[in-house]
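The values are calculated or read from the model by the stated rules, or taken from the named source; none is laboratory data. Everything numeric here is computed off the predicted structure, so don't read it as measured data. Glycine gets a Cβ as well: all are built from the backbone with ideal geometry, and neighbour counts include every protein chain shown. Protein only, heavy atoms only, side chains kept; ligands, DNA and RNA dropped before computing areas. Shrake-Rupley method; radii C 1.70, N 1.55, O 1.52, S 1.80 Å.
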Amino acid sequence: MTTALRPAPDERVARTSRAPTPHQLFCLRCQLTFDAAPQALCSTCLGPVQPVYAHDALPSREQLERRPRTLWRYAEWLPFAEPPVVAQHVGFTPLVEAPRLAHELGVARVWIKNDSVSHPSLSFKDRVVATALNAAHAFGLTTVGCASTGNLANAVAAAAAAAGLPAWIFVPADLEPAKIVGTTVYGPHLVRVRGTYDDVNRLCSQLADRFEWGIVNVNLRAYYGEGSKTVGFEIVDQLGWRFPSAVIAPMAGGSLVTKLHKAFAEFARAGLADGAQPRIYGAQANGCAPLVRFVQSNSRALTPERPHTIARSLAIGNPADALTARAAIQQSGGWAHAVTDDELVVGIRRLAETSGVFTETAGGVTVAAAYALAQQGRLTPSDEVVLCITGNGLKTTDAVASALEAVPEIAPRLSAVEALVAATT
Ligand SMILES: *Cc1c(COP(=O)(O)O)cnc(C)c1O
Ligand SMILES: [Zn+2]
């Protein structure tokens with residue numbers, strides 16, 4: 001199954017002079033180099049391809065700090081030679097310290113990398129869409145699309161609407177209502193497919209070949225993945241150009257953990273941060289944890305799973321970046337952990353109650369994994385930990401609603417409140 005799709009020159013929409021030129025690609029497996037193209041796999045060996053960076057002069061910390069607070073401030077490590085033409089305002093989400101959570105976990109410090117407030121669609125997927133849509137633009141692919149577990153659908157629909165591009169978006173038919181509404185509101189062609197995410201993804205591979213579409217996580221995946229690196233760049237930048245000792249992130253297809261590792265290595269190589277790079281911990285829900293089991297078992301190939309969890313945004317049974325995700329975690333000295341659905345609901349509540357951040361199920365997975373890793377002694381009292389909170393709680397309210405206390409209803413009378421206050425003391 002190759003997703004190679006190179007539009008014949010006569011079918012191509014003329015490149016505008018402002019279009020960014022994507023970097024060339026090289027194959028991670030056989031090292032062959034290719035011209036920039038909407039192609040996620042090597043046409044020779046079917047290995048994954050990545051953009052080539054030919055760095056001569058790199059900016060200093062001071063130069064970087066003077067740039068706009070978006071993910072494009074790290075342009076030298078993103079796969080275009082020119083400035084972006086779409087999705088210019090994405091990135092630079094808050095990194096907020098969470099001392100009460102640090103106390104509970106028994107570690108020195110904790111920060112939340114808060115992509116639950118990402119512009120424009122309230123998840124980390126805005127980052128990967130930013131790089132993929134600029135690649136689509138450069139390739140003259142004027143229709144974009146994705147296979148999505150929800151957040152990517154929101155992000156593609158929002159960015160495509162702002163850029164004036166038609167979008168074809170495919171999701172599993174039984175997705176959460178908030179993620180359907182949060183996609184349709186932008187006016188894309190949204191299609192609910194009877195099947196799992198993996199069925200949807202397979203369909204989208206065929207669509208990329210059949211139509212001349214830029215499917216962000218299929219034929220544009222090489223450019224999409226580079227957007228994930230910006231989480232790591234921002235963590236280092238926002239900590240004052242240093243590394244935390246550990247980072248915990250949720251895993252779906254495995255792009256985020258893979259690219260966190262790459263980002264830290266790139267900033268270390270550029271001399272922008274010194275010392276040991278962080279241990280990377282990957283988290284999934286028990287009901288769909290093929291990557292966790294792959295890391296823990298060390299078996300040769302990943303065993304695909306059929307998802308059954310409320311963490312729908314992470315429910316990918318056959319993750320695309322399994323090998324690179326495992327390598328990233330192992331090389332960093334980290335580990336992987338899966339939590340139950342009950343634990344992830346507790347994780348959502350603990351984050352909200354200790355830090356004032358309301359995350360969706362994926363963030364609950366991350367927080368619950370942090371508690372478990374602390375319990376196992378994998379996080380220690382001297383650790384400085386960043387939790388990647390990748391999505392917004394208002395998208396998955398059903399996951400916690402039934403676990404929360406009933407809200408009292410009263411008559412508008414002082415005595416009614418007095419009774420309530422008395423009952424709490
Ligand atoms: C997609 C997603 C992730 C991680 O996805 P990868 O495919 O592993 O990069 C994490 N959290 C949320 C909320 C997501 O939507
Ligand atoms: Zn190859």
Exercise. Pop the C-beta distance of S299 and Q63 into the FRET formula with R0 = 45 Å and round what comes out to the nearest 0.05.
Key: 0.50
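Suppose we look only past 19 Å in the calculated P(r) of the range 98-155. What percent of the Cα-Cα pairs does that tail hold?
On the way: 811 of 1653 pairs.
Above the 19 Å cut-off, the range 98-155 has 49 percent of its Cα pairs.
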Exercise. Can you spot the aspartates and glutamates whose alpha carbon is less than 20 Å from K395's alpha carbon? Ignore those fewer than 8 places along the same chain.
Key: D115, D126, D174, E176, D341, D342, E343, E353, E360, E405
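Under a point-charge model restricted to the Cβ atoms of Lys and Arg (+1) and Asp and Glu (-1), what is the dipole moment magnitude of the chain relative to its Cα centre, in debye to the nearest 20? Show your work: numbers first, answer last.
Numbers: 37 positive and 36 negative charges, 126 e Å.
Using only the charged Cβ atoms, the result is roughly 600 debye.
Taking all pairs of distinct Cα atoms, average 1/r, flip it, and tell me the Kirkwood hydrodynamic radius of the range 202-331 in Å to one decimal place. Intermediate results must be reported in sequence, preceding the final value.
Working: mean 1/r = 0.0637 Å⁻¹.
Roughly 15.7 Å, rounded to one decimal.
Sorted by packing (mean other beta-carbon atoms within 10 Å per residue), highest first, where do 325-334, 116-125 land?
Details: 325-334: 20.0, 116-125: 23.2.
The most tightly packed comes first, giving 116-125, 325-334.
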Quiz prompt | Against the rule of thumb 2.2 N^0.38 Å, how large the Cα Rg of the range 114-194 comes out | solution = 1.00
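So with the 1.4 Å probe, I'd like the accessible area per residue for the range 69-158, rounded to whole Å². Please list the in-between numbers first.
On the way: 2480 Å² over 90 residues.
The answer is 28 Å² per residue.
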Quiz item: Looking at the range 18-87, which trypsin sites (Lys or Arg not before Pro) are DSSP coil and have at most 15 other C-beta atoms within 10 Å of their C-beta?
Solution: R18, R29, R66, R69
Quiz item: In degrees between 0 and 90, to the nearest 10, how far off the longest principal axis of the chain does helix 361-375 point, with axes built from Cα atoms?
Solution: 70
Quiz prompt | Carbon plus sulfur fraction of accessible area for the chain, probe 1.4 Å, in percent | solution = 53
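Over the range 254-410, what per residue volume does the convex hull of the Cα atoms give, in whole Å³?
On the way: hull volume 20.2 nm³, N = 157.
Convex hull volume per residue, Cα atoms: 129 Å³.
Once you sort the root eigenvalues of the Cα gyration tensor of the range 147-223 as a ≥ b ≥ c, which label holds: rounded (a/c under 1.5), prolate (a/b larger than b/c) or oblate (the other case)?
Numbers: a/c = 1.78, a/b = 1.07, b/c = 1.67.
Oblate is the answer for the range 147-223, as a/c is 1.5 or above yet b/c matches or exceeds a/b.
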Self-check item: All-pairs alpha carbon distance profile, the range 191-243, 5 Å steps from 0, percent
Solution: 5, 17, 17, 16, 13, 10, 8, 8, 6, 1
Quiz prompt | Between the range 78-144 and the range 331-406, the Cα center-to-center distance that results, in Å | solution = 19
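Could you tell me the convex hull volume per residue, in Å³, taken over the Cα atoms of the range 312-382? Spell out each step's value before the answer.
Details: hull volume 7.7 nm³, N = 71.
Looking at the range 312-382, the number lands at 109 Å³ per residue.
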Self-check item: Geometric extent, Cα atoms of the range 69-215 - Rg, Dmax (angstrom)
Solution: 17.0, 54
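How big is the antiparallel share of DSSP beta bridges in the chain, given as a percent to the nearest 5? Could the numbers behind the result be given before it?
Working: 13 of 42 bridges.
Restricted to the chain, the bridges split so that about 30 percent are antiparallel.
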Quiz item: Expressed as an acute angle from 0 to 90° and rounded to the nearest 10, what is the orientation of the C-alpha long axis of helix 341-355 relative to the principal long axis of the chain?
Solution: 80
Practice problem: Could you pull out which residues in the range 61-76 have an amide N less than 17 Å from a spot 7 Å beyond the Cα of D274, following the Cα-Cβ vector? | Solution: 61-62
Practice problem: Give the angle, between 0 and 90 degrees and rounded to the nearest 10, that separates the Cα long axis of helix 255-269 from the longest principal axis of the Cα atoms of the chain. | Solution: 80
Self-check item: Computed P(r) (all Cα pairs; the chain; 20 Å bins; percent)
Solution: 27, 58, 13, 2
Practice problem: Mind running the shape call on the range 28-83? Use the C-alpha gyration tensor, a ≥ b ≥ c as the square roots of the eigenvalues: rounded below 1.5 for a/c, prolate if a/b tops b/c, oblate otherwise. | Solution: prolate
Quiz item: Going highest first, how would you order 303-313, 92-102 by mean Cβ packing within 10 Å?
Solution: 303-313, 92-102
